[in-house]
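The values are calculated or read from the model by the stated rules, or taken from the named source; none is laboratory data. The model shown is predicted, which means the values in this text are computed figures rather than measured ones. Here the Cβ positions follow ideal geometry from the backbone for every residue, glycine too, while neighbour counts run over all protein chains shown. Keep in mind that these areas ignore ligands, DNA and RNA; they rest on the heavy atoms of the full protein, side chains included. Shrake-Rupley method; radii C 1.70, N 1.55, O 1.52, S 1.80 Å.
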Amino acid sequence: MNVPIDADLAANQTVVVAVDGTSGSGKSSTCRAVADRLGLRYLDTGAQYRAITWWMLDNGVDVHDAVAVAAAALTPVLVSGTDPLDPTITIDGVDVSVEIRSDAVNGAVSPVSTVPEVRARLVDLQREIVGAGGIVVEGRDIGSVVWPEAEVKIYLTADPAARAARRALEAGGADVAATQESLLARDKIDSGRAVAPLTMADGAIHVDSTDLTLDEVVDLVVGLVMERV
Ligand code: DC
């Protein structure tokens, strides 16, 4: 981990930085770099929704059957590591950090995330991990539901074309048009669901990363955190 750039902030281990936003807006890279720069922990809540979705698919649960998903959501043991340089995720002891990025999980994660019992279980787990603070947390409902008292709330977005180009590049040159279609389909479900839809939380600062480099976004967010703690 880098040496924290601000000794006072490193001593202030209670800060919670909530970063919400659309798929592919750069949340993960931004949050990991911000946490590393400031000596904070990091939690990717999307990875938790993905891991539980992977487990449902692996156990033959019909992800479009909300009753079956709700019942199955109570079973698996989910563990998230919070080192920004090596964020791990295991479910029932299986490391699924690679599997959770598959097309099968991409296609099933939004319907699973709309089930209230899934959200209730994961929100409890997220609040336990956030605990006494000192953490950067990314997701869709962190500033609105999981931790509304976060000292810093960011709403990170980017144009769909820019998001699709970034995701396709990460996926080793996947088809940009198909990637954009999949992102927009997930945006629609994430923003339209009844429970904890993706929305800009009260007090959040909107950062549009379309024309910014990763370093520029990280500098901007680090600056906002320093200003507020
Ligand atoms: O950030 P991501 O693309 O890895 O998230 C995967 C899915 O998880 C996304 O389609 C919506 C869901 N999600 C959610 O509903 N609430 C969160 N706090 C984080 C993710």
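In table form, for the structure just shown:
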read-out	value
Length gained when the stretch residue 159-residue 211 is fully extended (0.36 nm per residue, less Cα-Cα span)	17.8 nm
Length released on extending from residue 194 to residue 125, taking residue separation times 0.36 nm less the Cα-Cα span	22.8 nm
Computed log₁₀ I(q)/I(0) - Debye formula, equal Cα scatterers, no solvent, region 162-229, q 0.14, 0.16 Å⁻¹	-0.63, -0.79
Region 34-166: antiparallel DSSP beta bridges as a percent of all, rounded to 5	55 percent
Radius 15 Å from Cβ of residue 153, net charge of other residues (Lys, Arg +1; Asp, Glu -1)	-4
Residue-span extension gain [residue 62 to residue 14] - 0.36 nm each, minus C-alpha spacing	13.3 nm
11 Å cut-off, amide nitrogen to a point 7 angstrom out along residue 104 Cα→Cβ, residues in region 41-68	54-61
Rh by Kirkwood over Cα pairs, then Stokes-Einstein D for the chain at 1.002 mPa s and 20 °C, µm²/s	121 µm²/s
Cubic angstrom per residue, convex hull over Cα atoms of region 1-128	107 Å³
Rg(Cα)/(2.2 N^0.38 Å) for region 59-127, N = residue count	1.14
Carbon + sulfur, % of accessible area of the chain - ligands and nucleic acids excluded, 1.4 Å	55 percent
Gyration tensor over alpha-carbon atoms, region 81-192, equivalent ellipsoid semi-axes in Å	25, 18, 16
Listed residues 226, 56 arranged by accessible area, highest first, probe 1.4 Å	226, 56
Positive dipole terminus of region 180-227, leading residue within 218, 205, 192 (C-beta point charges)	192
Region 92-136: translational diffusion in µm²/s, Stokes-Einstein, Kirkwood Rh over Cα pairs, 37 °C, 0.692 mPa s	262 µm²/s
At R0 = 22 Å, FRET efficiency that the Cβ-Cβ distance of residue 229 and residue 29 yields, to 0.05	0.50
